[in-house]
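The values are calculated or read from the model by the stated rules, or taken from the named source; none is laboratory data. Please read all numbers here as calculations on a predicted model, not as lab measurements. Heads up, the Cβs are rebuilt from the backbone with ideal geometry, glycines too, and the neighbour counts pull from every protein chain shown.
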Ligand code: SAH
């Protein structure tokens with residue numbers, strides 16, 4: 001089977017899927033995300049959303065929509081940034097995991113929250129302010145390998161013949177199909193791998209169309225690249241270490257790097273404005289995360305001050321999450337607003 005089907009089943013199978021059975025975050029889980037590192041991450045994201053909401057004339061009510069909210073930490077931190085913004089927000093979450101929906105319910109106790117499996121049931125009668133952190137990397141993707149003049153083959157997964165539940169990669173002929181046809185990229189060499197994700201692009205188109213039609217803005221953060229390129233980025237995380245993605249089936253998180261150029265293309269084709277694209281570290285620094293960390297430190301004890309300093313480093317430094325993680329912003333207005341945090 002193609003990686004798309006494999007990944008979709010390993011992560012999302014109703015009973016056995018990785019996300020369906022467990023809470024994968026934290027020191028006892030498999031990985032840690034930015035909102036779980038420090039509240040200052042969510043406060044910066046919240047500040048960006050509140051600023052865009054103000055620039056758009058404070059529409060009320062509006063839909064505050066998060067895709068893949070994990071433990072609900074980011075949403076809870078965003079809601080603490082501005083009372084006026086939170087009071088106007090109707091909270092809607094796109095989440096497939098029943099375990100994580102329960103965590104989100106706990107984290108957002110006191111707020112009226114609506115859950116959705118996909119876009120179709122999200123209301124279409126108010127502006128949407130959207131956020132997704134480490135959501136797109138969890139959506140399935142496909143891999144192709146260049147075999148020279150004979151063209152491309154798809155890299156797929158098959159069960160080993162004599163072993164139960166053991167898998168291996170094989171190549172599947174894909175005729176004259178050229179995965180590069182829609183991309184502006186230098187010619188491949190033999191053995192180069194190219195990844196595409198129709199699911200991520202389709203999600204981006206659905207989101208952009210909604211924001212275009214209803215008004216609003218959105219911010220997408222994830223690890224990946226701003227320019228289209230070659231390479232195998234399929235990865236599996238198990239207890240904070242990388243493992244072979246064809247082992248620990250259903251017990252390890254499967255992801256690949258997000259191609260932000262492909263997302264930007266989907267956004268442009270859906271006629272939303274690009275607020276900008278950049279690295280997470282630059283974005284958070286431009287929004288003033290250093291000043292916010294200093295303010296928190298002033299009122300904190302020694303150990304807490306140390307934690308704040310470490311969190312700031314982890315979120316922004318280029319050796320940590322600062323460069324690997326990218327940010328993309330979109331918004332609905334035809335008139336140029338001034339989105340914060342991006343160099344133009
Ligand atoms: N944003 C959170 C969690 C990231 S993990 C954080 O930063 O901590 C990925 C999240 O996306 C989880 O909540 C997972 O259950 C959800 N998810 C993954 N694939 C999904 C899909 N196809 N539909 C809806 N939610 C999905």
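When residue 187 is tested against (1) touching a residue at least 24 places away in the same chain (Cβ under 8 Å); (2) not in a strand (DSSP E or B), exactly one condition is not met: (1). Listed by first and then second residue, the pairs linking a residue in the range 1-24 that is without any contact (Cβ under 8 Å) to a residue 24 or more places away in the chain and farther than 11 Å from residue 96 by Cβ to a residue that is part of a helix (DSSP H, G or I) and within 12 Å of the ligand (Cβ to nearest atom), with Cβ atoms under 8 Å apart and 6 or more places separating them unless they lie on different chains, are 15/21.
Being more than 25 Å from residue 56 (Cα to Cα), surrounded by fewer than 16 Cβ atoms within 10 Å (Cβ to Cβ) and modelled with pLDDT of 95 or more holds for only one residue in 202, 236, and it is 202. Residues in the range 89-99 that are buried (at least 18 other Cβ atoms within 10 Å of the Cβ) and either away from the ligand (no atom under 14 Å from the Cβ) or part of a loop (DSSP other than H, G, I, E, B) (or both): 5 in all.
Condition check ((1) exposed (fewer than 15 other Cβ atoms within 10 Å of the Cβ); (2) within 16 Å of the chain's Cα centre (by Cα); (3) in a helix (DSSP H, G or I); (4) in contact (Cβ under 8 Å) with a residue 60 or more places away in the chain) across all residues:
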| site | (1), (2), (3), (4) |
| --- | --- |
| 145 | no, no, no, no |
| 153 | no, no, no, no |
| 158 | yes, no, no, yes |
| 161 | yes, no, no, no |
| 165 | yes, no, no, yes |
| 168 | yes, no, no, yes |
| 206 | no, yes, yes, yes |
| 222 | no, yes, no, yes |
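Say whether the condition of being away from the ligand (no atom under 16 Å from the Cβ) and free of Cβ contacts under 8 Å to residues at least 24 places away in the same chain is met by at least one residue in the range 122-139. No, there is no match, as no residue in the range 122-139 is away from the ligand (no atom under 16 Å from the Cβ) and free of Cβ contacts under 8 Å to residues at least 24 places away in the same chain. Total residues in the range 105-132 satisfying the condition of being in a strand (DSSP E or B) and out of contact with any helix residue (DSSP H, G or I) (no Cβ under 9 Å at 6 or more places or on another chain): the figure is 1. Does residue 246 satisfy being in contact (Cβ under 8 Å) with a residue 40 or more places away in the chain, in contact with a strand residue (DSSP E or B) (Cβ under 8 Å, 6 or more places away or on another chain) and over 30 Å from residue 169 (Cβ atoms)? Against the criterion (in contact (Cβ under 8 Å) with a residue 40 or more places away in the chain, in contact with a strand residue (DSSP E or B) (Cβ under 8 Å, 6 or more places away or on another chain) and over 30 Å from residue 169 (Cβ atoms)), residue 246 does not qualify. The listed residues are 54, 75, and the only one of them that is modelled with pLDDT of 95 or more and either outside any helix (DSSP H, G or I) or surrounded by fewer than 22 Cβ atoms within 10 Å (Cβ to Cβ) (or both) turns out to be 54.
Inspect all residues belonging to the range 34-45 and state whether any of them is farther than 30 Å from residue 84 by Cα, surrounded by 17 or more Cβ atoms within 10 Å (Cβ to Cβ) and within 11 Å of the ligand (Cβ to nearest atom). Scanning the range 34-45 turns up no residue that is farther than 30 Å from residue 84 by Cα, surrounded by 17 or more Cβ atoms within 10 Å (Cβ to Cβ) and within 11 Å of the ligand (Cβ to nearest atom).
Can you go through 211, 243 and tell me which one is away from the ligand (no atom under 16 Å from the Cβ) and buried (at least 21 other Cβ atoms within 10 Å of the Cβ)? Of 211, 243, the one residue that is away from the ligand (no atom under 16 Å from the Cβ) and buried (at least 21 other Cβ atoms within 10 Å of the Cβ) is 211. With respect to the conditions (1) touching a helix residue (DSSP H, G or I) at 6+ places or on another chain (Cβ under 9 Å); (2) farther than 30 Å from residue 57 by Cα; (3) within 12 Å of the ligand (Cβ to nearest atom), residue 102 lacks only one, and its number is (1).
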